[in-house]
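The block underneath contains the structure these notes are about, expressed in structure tokens.
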Amino acid sequence: MRDQNTRIKRASRIPRPALIVGVALAAALTLGGCAVGESGSDATAGASHGAGHETGASSGDSDGTSQASEANDADVMFAQMMLPHHEQVIEMSDILLAQEGLDPEIAALAEQIKAAQGPEIETLEGWLEDWGADGDSEGGGSRGHEGMDGMLSTEDLEAMEQADTEEATRLYLEGMIEHHRGAVEMAEAEVAEGQDPRAIEMAQAIIASQNAEIETMQHLLGEDPTAAGPAGAPESGPPVAGDQRMLADHGLEGLGAREIIERLDAQAVAERPADLVASVQPEQLVVADDAGRQTALPMPEDEVYLSAAPYESQTHECHFHSLTTCLGELQNQEVQVTLADRATGEVLVDQELRTFDNGFVGMWVPKGIEAELTIEHAGKVATAVVSTRNADDPTCLTGLRLKEA
């Protein structure tokens with residue numbers, strides 16, 4: 001049997017957007033943590049972070065999958081407030097991106113910040129639906145919450161729309177810094193008072209990633225990130241992306257994204273580091289620890305790492321694969337994996353693999369393709385269409401239900 005972390009035939013390399021240090025880390029951590037449903041192994045079972053009214057004890061769907069979920073008032077408020085906050089981020093970014101002659105670095109920043117919000121909005125809406133809560137605490141869309149921390153007023157947004165490119169850029173960066181600071185305050189309240197482990201994990205990711213983005217935007221404005229202030233104080237600011245000191249403390253010094261991924265994904269569940277989160281997205285691997293430190297490592301230029309968890313009865317929602325918390329149903333099982341390029345019909349992989357102890361198989365896939373993935377196990381088959389074309393494409397594939405062939 002060949003190496004478990006399958007290296008697939010490479011397609012022609014698609015140019016990638018430039019990575020900006022500290023940008024777009026929220027999506028990497030927000031959607032990474034995951035585990036199978038209530039009857040399987042659950043990495044977050046028993047977690048409790050506060051008291052209060054519980055809303056929506058569980059949810060299920062017609063194919064027999066289920067996922068335990070508990071929330072208190074703080075969780076609901078966090079989701080209700082973060083939704084319009086995220087919606088305004090998208091609106092602000094769209095306004096800036098409509099400017100002609102926009103600096104490519106600024107445009108890439110706005111695109112990446114915007115890309116992080118969409119998946120989170122869908123996740124927040126799903127949680128509120130599961131909890132039986134209203135998706136909007138006040139109504140009015142992103143322009144109906146001007147009293148919320150960091151939210152821009154209608155006049156602020158109109159000023160950005162009417163400004164020239166240089167002025168719009170300044171207004172965007174200054175407004176987004178304040179916007180992010182408001183999000184960090186809401187996330188800190190969720191960590192302190194929330195109960196749902198998924199919401200707390202999202203909040204922790206927002207704190208880490210948006211503080212890093214604040215620092216990036218301060219640099220772009222020519223400001224000193226170490227100046228006085230909650231987000232810029234040296235003792236509270238995150239390290240720069242690629243900080244080897246944090247990796248060294250966790251035995252990962254000198255390793256690149258590929259090496260870290262292959263080591264952590266193949267690690268026995270019982271040996272997983274409890275103080276580390278490593279989340280895979282198409283453009284980068286984001287690693288964070290419980291001390292609030294983080295680093296982002298670029299992925300190989302022409303490959304994306306996909307993780308697939310075939311299942312028969314229990315699965316879970318996931319977007320970006322978490323190397324230290326994700327759990328699938330079929331642990332240490334032989335499966336037949338086939339991947340075919342939908343455009344050319346070329347079979348990129350066709351081999352037998354053994355799922356890791358976490359229930360996933362890992363594959364290095366060419367960037368810039370759309371392919372059909374087929375997994376067979378014990379006479380049953382699961383298929384899915386996968387994409388590696390976009391920076392926010394999923395890397396965690398958990399919708400592969402095995403059915404009779």
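Some points to look at:
- For region 267-324, residues that are under 25 Å from Ala199 (Cβ atoms) and among the acidic types (Asp, Glu) total 4.
- Within region 152-181, the only residue that satisfies the criterion of being of a type in the set (A, V, I, L, M) and modelled with pLDDT under 90 is Leu152.
- Residue in region 198-209 that is polar (S, T, N, Q), at pLDDT below 85 and farther than 21 Å from Cys318 by Cα present: no
- Per-region count, region 75-90, residues over 20 Å from Asp196 (Cα atoms) and charged (D, E, K, R): 1
- Taken as a whole, the structure places Arg143 among residues that are of a type in the set (Lys, Arg), open to solvent by 20 Å² or more (accessible area, probe 1.4 Å) and modelled with pLDDT under 90.
- Checked against (1) open to solvent by 70 Å² or more (accessible area, probe 1.4 Å); (2) within 19 Å of the chain's Cα centre (by Cα); (3) of a type in the set (S, T, N, Q), Thr398 passes all but condition (1).
Yes/no matrix, rows are residues, columns are (1) more than 20 Å from the chain's Cα centre (by Cα); (2) charged (D, E, K, R); (3) open to solvent by 10 Å² or more (accessible area, probe 1.4 Å):
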site	(1), (2), (3)
Glu155	yes, yes, yes
Glu161	yes, yes, yes
Thr165	yes, no, yes
Arg170	yes, yes, yes
Ala183	no, no, no
Ala187	no, no, no
Ala199	no, no, no
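- Of the strands (runs of 3 or more DSSP E) lying entirely inside region 271-334, those containing at least 1 residues that are free of Cβ contacts under 8 Å to residues at least 60 places away in the same chain and among the acidic types (Asp, Glu) span 284-289.
- The number of residues in region 363-405 being assigned to a strand (DSSP E or B) and among the β-branched types (Val, Ile, Thr) comes to 7.
- Any hit, region 356-372, residues being touching a strand residue (DSSP E or B) at 6+ places or on another chain (Cβ under 8 Å), among the aromatic types (Phe, Trp, Tyr) and open to solvent by 10 Å² or more (accessible area, probe 1.4 Å): yes
- Across region 281-301, the qualifying residues are those that are under 16 Å from Ala116 (Cβ atoms), among the polar types (S, T, N, Q) and at pLDDT 80 or above, and the one among them that is surrounded by the most Cβ atoms within 10 Å (Cβ to Cβ) is Gln281.
- Scan of region 338-355 for residues that are open to solvent by less than 10 Å² (accessible area, probe 1.4 Å) and either among the hydroxyl-bearing types (Ser, Thr, Tyr) or in contact with a helix residue (DSSP H, G or I) (Cβ under 9 Å, 6 or more places away or on another chain) (or both), ordered by number: Thr355
Yes or no, residue by residue, for (1) buried (at least 18 other Cβ atoms within 10 Å of the Cβ); (2) at positive phi; (3) among the hydrophobic types (A, V, I, L, M, F, W, C):
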site: Ile95; (1), (2), (3): yes, no, yes
site: Glu100; (1), (2), (3): no, no, no
site: Asp103; (1), (2), (3): no, no, no
site: Leu109; (1), (2), (3): yes, no, yes
site: Gln117; (1), (2), (3): yes, no, no
site: Leu124; (1), (2), (3): yes, no, yes
site: Leu128; (1), (2), (3): yes, no, yes
site: Ala133; (1), (2), (3): yes, no, yes
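The values are calculated or read from the model by the stated rules, or taken from the named source; none is laboratory data. Values in this document were obtained by computation on a predicted structure and should not be read as measured data. Because the Cβ atoms are built from the backbone with ideal geometry, glycine has one as well, and the counts that use them run over all protein chains shown. Keep in mind that these areas ignore ligands, DNA and RNA; they rest on the heavy atoms of the full protein, side chains included. Shrake-Rupley method; radii C 1.70, N 1.55, O 1.52, S 1.80 Å.
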